[in-house]
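Asker: One structure, as structure tokens, below. Some questions next.
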Amino acid sequence: MAHDVQNYNLDQKFDFNAGIKKSLLTILGIGAALLVIGIVIAMAGGGHAEEGAEATGHAFHWYERLFANVWINNVYFTGIAIVGVFFFAIQYAAQAGWSAPITRVMLSFGNWLPYAALIMIASFFLMGHNLFHWWHAELFDPNSPEYDSIIDGKGAFFFWPMEKGTFPIFYIARMVIFFGFWVFFFNKFKKIAAAEDQLGGDSHWFKMRSWSAYFLVFFAVSSSVSAWDWVMSIDTHWFSTLFGWYVFASWFVAGLSAITLLTIFLKGKGYLEMVNENHIHDLGKFVFGFSIFWTYLWFSQFLLIYYANIPEETVYFVERLSSDVYGPFIFVNIGMNFVLPFLVLMTRDAKRHGVFLKLVCTLLLVGHWVDFFLMVQPGTLGHNGGIGFMEIGMLLVYGSAVALVVLGGLAKGNLLPKNHPMLEESYHHHI
Amino acid sequence: MERDTHFILGVYEDEDVLLHAVKEVRSTGVKIHEVYSPYPVHGLEHVLGYKRSRLPIAAFLFGMLGTSLALTMQFYMMKFDWPMIIGGKDFAAFPDFIPVSFEMTVLLAAFGMVGVFMVSSNLKPWAQPRIFDVRITDDKHVMAIDIANNSSMEVEKIKEILKSSGATEVNNKSFE
């Protein structure tokens with residue numbers, strides 16, 4: 001044990017070869033094809049056209065479903081990207097030694113952030129008016145029959161300092177600031193990491209720890225507020241005090257699953273030899289623990305609303321549970337994100353062996369996409385939503401695009417923090 | 001425990017020496033009764049070849065027992081024995097039962113695990129502890145070898161093996 005001598009290749013780099021690229025592009029192509037089929041079906045009516053007249057007063061258009069899909073994936077994959085950076089920062093703030101060889105794997109997910117920022121801001125300008133009920137000027141006009149005093153009361157949260165119902169400058173400013181700082185912190189981490197690789201010494205580690213602490217403080221606020229902005233404001237009347245945490249938990253589980261999957265993938269390709277089943281076990285424990293944490297938050301939100309039975313709160317669940325479209329997915333959501341991972345990952349062996357973890361992490365990645373689907377679609381599409389070709393296609397397109405960007409970013413830098421002061425400690429990690 | 005039991009004790013000063021000694025002694029075919037140390041020695045149970053504890057299985061079963069007891073109790077009380085309308089819900093309002101079921105699961109899993117652990121490690125209040133050497137609570141590691149379990153080997157030979165593996169002392173110990 002203590003006498004073994006390690007001869008690991010610390011200069012290894014991930015080779016993003018044509019084979020991997022080709023298979024990702026194939027998935028992208030399949031996704032795009034499914035998406036086109038989905039769009040064609042939606043344009044042809046999809047069987048819902050005659051039910052178009054909504055309570056909100058405007059007819060349903062096929063492109064609204066496309067918009068809702070873009071938004072689900074924007075929020076979902078932004079979450080995975082930022083959780084990669086967040087988990088990286090946690091390792092440094094907690095002075096964790098065991099995770100040293102996989103810190104760069106976590107950080108690589110941040111490569112999606114600049115793209116996520118551009119797509120999200122652009123799609124907000126293009127689609128926000130359709131997605132967000134609150135962006136309708138007549139809601140704020142006391143003389144209009146559509147006037148809504150509750151939304152009028154919340155208007156300043158979106159439109160301040162402009163007049164309500166005009167241009168949501170405060171909302172957009174928050175979006176820009178959050179993404180701006182997230183990308184800034186990500187680049188800062190990357191820069192310090194590159195300097196550490198070149199120069200060595202532990203001063204970079206201390207610097208990284210300080211910046212991680214700053215980031216965590218910022219993320220604590222921004223993750224919650226972004227959840228209210230991007231997800232909760234879709235159901236404009238409704239609110240839940242733990243919604244920020246709930247969205248964060250969903251992001252965190254999805255992000256952890258993605259990190260675990262990528263680590264196992266890299267190990268399978270022959271990289272990261274020093275990452276053994278003890279490290280995998282720890283990742284598995286994180287996935288297991290936080291999928292229970294997500295369930296705890298989901299259920300806390302549900303139980304209090306169910307028990308108190310206040311109409312303005314129950315509307316969120318009534319909209320979902322009493323709907324033929326979304327009702328079954330509530331149970332799919334619980335089954336995929338709690339019951340199956342809980343039962344499969346319960347034993348020690350399942351957390352230590354890649355096969356079970358691969359299965360559960362894939363399940364959780366799809367499951368948490370379903371979770372976001374359930375958050376976004378009922379409020380934007382009503383009974384015109386559902387999971388069809390368009391949803392699957394869009395998920396595949398986004399997923400493979402994110403994988404291309406993340407792996408591309410990973411291939412650029414060193415795969416291992418070769419001058420990390422705790423690398424030696426992580427070799428001997430044993431649980 | 002009625003019959004006389006005789007042990008040979010190897011006393012070790014250093015945990016690294018101990019870990020290698022355990023490997024060495026086991027490789028000669030001597031069966032080790034138990035190793036005592038003042039603090040947990042990392043990797044000791046591994047070199048001793050101990051199988052993983054089956055305690056988690058007991059915990060799971062007791063947890064399941066807790067869940068089913070809690071659910072049975074609540075459904076029976078709320079639906080059949082004394083139905084009450086609470087908050088306008090159904091008599092059998094499943095979501096309301098989950099917190100209690102969770103608590104009962106944790107409670108019985110914990111109690112069951114502690115109970116099973118105590119039974120399996122003979123931790124009853126009237127148990128007479130067998131103290132091999134008082135220094136195992138201070139600064140010495142002690143490897144105990146049951147002579148009855150190693151009847152194929154001569155005592156002198158075992159003592160030699162212990163000495164050559166790095167034991168600073170080799171003692172005899174008998175219990176009534």
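The numbers here are math on the coordinates, done by the rules we state, and not lab data. Quick caveat: nothing in here was measured; it's all calculated off a predicted structure. Because the Cβ atoms are built from the backbone with ideal geometry, glycine has one as well, and the counts that use them run over all protein chains shown.
Asker: How much of the calculated P(r) for region A:180-245 lies past 18 Å, in percent of all Cα pairs?
Answerer: Result: 51 percent of Cα pairs exceed 18 Å.
Asker: In bins 10 Å wide, starting from 0, what share of all Cα pairs of the protein assembly as shown does each bin hold, as a percent?
Answerer: Bin by bin from 0 Å, the calculated values are 3, 13, 20, 20, 17, 12, 7, 4, 2, 0, 0.
Asker: Based on the mean of other beta carbon atoms within 10 Å per residue, what is the order of A:67-80, A:298-311, most packed first?
Answerer: Averaged packing, sorted descending, gives the order A:67-80, A:298-311.
Asker: Hey, another quick one. Could you work out the helix-only [θ] at 222 nm for chain A, with each DSSP H run of four or more residues adding -39,500 (n - 2.57) and the total divided by the number of residues, to the nearest 500 deg cm²/dmol?
Answerer: The helix contribution divided over chain A gives -23000 deg cm²/dmol.
Asker: What number results when the radius of gyration of region B:55-120, computed over Cα atoms, is divided by 2.2 N^0.38 Å?
Answerer: Output field value: 1.34.
Asker: Now, a different point. Can you tell me which of A:12-22, A:358-368 comes out highest on packing, and rank the rest after it, using the mean Cβ neighbours within 10 Å?
Answerer: A:358-368, A:12-22
Asker: Mind sorting B:LEU18, A:LEU131, A:LEU374 by how few other Cβ atoms lie within 10 Å of their own Cβ, fewest first?
Answerer: A:LEU374, A:LEU131, B:LEU18
Asker: Given +1 on the Cβ of Lys and Arg, -1 on the Cβ of Asp and Glu, and no further charges, what dipole in debye does chain A carry about its Cα centre, rounded to the nearest 20?
Answerer: The calculated dipole for chain A is roughly 1620 debye.
Asker: Can you pull the one-decimal nm distance between simple spin-label points at A:ILE150 and A:TYR115, each 7 Å off the Cα toward Cβ?
Answerer: With each label point 7 Å from Cα toward Cβ, the separation is 3.9 nm.
Asker: So how long is each side of region A:305-377 along the principal axes, counting just the alpha-carbon atoms, biggest first, in Å?
Answerer: Principal-axis extents of region A:305-377 (Cα, largest first): 47, 24, 16 Å.
Asker: Another one. Mind checking B:92-98 for the average number of partner chain beta-carbons within 10 Å of each residue's beta-carbon? The partial results should precede the final answer.
Answerer: Details: counts 0, 2, 0, 5, 3, 0, 3.
Mean number of neighbouring Cβ atoms from other chains: 2.
Asker: Which entries in A:LYS22/A:LYS351; A:LYS191/A:LYS269; A:LYS13/A:LYS267; A:LYS285/B:LYS51; A:LYS21/A:LYS412; A:LYS13/A:LYS188 show an alpha-carbon gap greater than 19 Å?
Answerer: A:LYS22/A:LYS351; A:LYS191/A:LYS269; A:LYS285/B:LYS51; A:LYS13/A:LYS188
Asker: Set the Förster distance to 60 Å, then compute FRET efficiency between A:LYS21 and B:MET153 from the Cβ-Cβ distance, nearest 0.05.
Answerer: Values: r = 64 Å, r/R0 = 1.07.
E(calc), rounded to 0.05, equals 0.40.
Asker: Which of B:GLU34, B:GLU176 has the fewest other C-beta atoms within 10 Å, and how do the rest follow up to the most?
Answerer: Fewest to most other Cβ atoms nearby, the residues stand as B:GLU176, B:GLU34.
Asker: When only Cα pairs under 8 Å and 6 or more residues apart are kept, what is the percent relative contact order across region B:55-120?
Answerer: Reported as a whole number, the value is 57 percent.
Asker: Using the C-alpha gyration tensor of region B:43-176, what are the square roots of 5 times its eigenvalues, in whole angstrom, with the largest one first?
Answerer: Details: eigenvalues 594, 40, 32 Å².
Semi-axes, largest first: 55, 14, 13 Å.
Asker: Among the chymotrypsin sites (Phe, Trp or Tyr not before Pro) in region B:88-176, which ones are in a DSSP loop with at most 13 other Cβ atoms within 10 Å of the Cβ? Mind listing them?
Answerer: B:TRP126
Asker: Okay, next question. Filter the DSSP H helices in chain A by two things, a Kyte-Doolittle mean of at least 1.6 and an axial alpha-carbon span of 18 angstrom or more, and list the hits by number.
Answerer: Taking the DSSP H segments of chain A (at least 18 Å long, mean hydropathy at least 1.6), we get A:18-43, A:389-412.
Asker: How do A:ARG104, A:ARG174 rank when sorted from fewest to most other Cβ atoms within 10 Å of their own Cβ?
Answerer: If I rank by nearby Cβ atoms, fewest first, I get A:ARG174, A:ARG104.
Asker: Sort A:97-103, A:121-127, A:192-198 for me by packing, meaning the mean count of neighbouring Cβ atoms within 10 Å per residue, highest on top.
Answerer: By packing density, highest mean first, the sequence is A:97-103, A:192-198, A:121-127.
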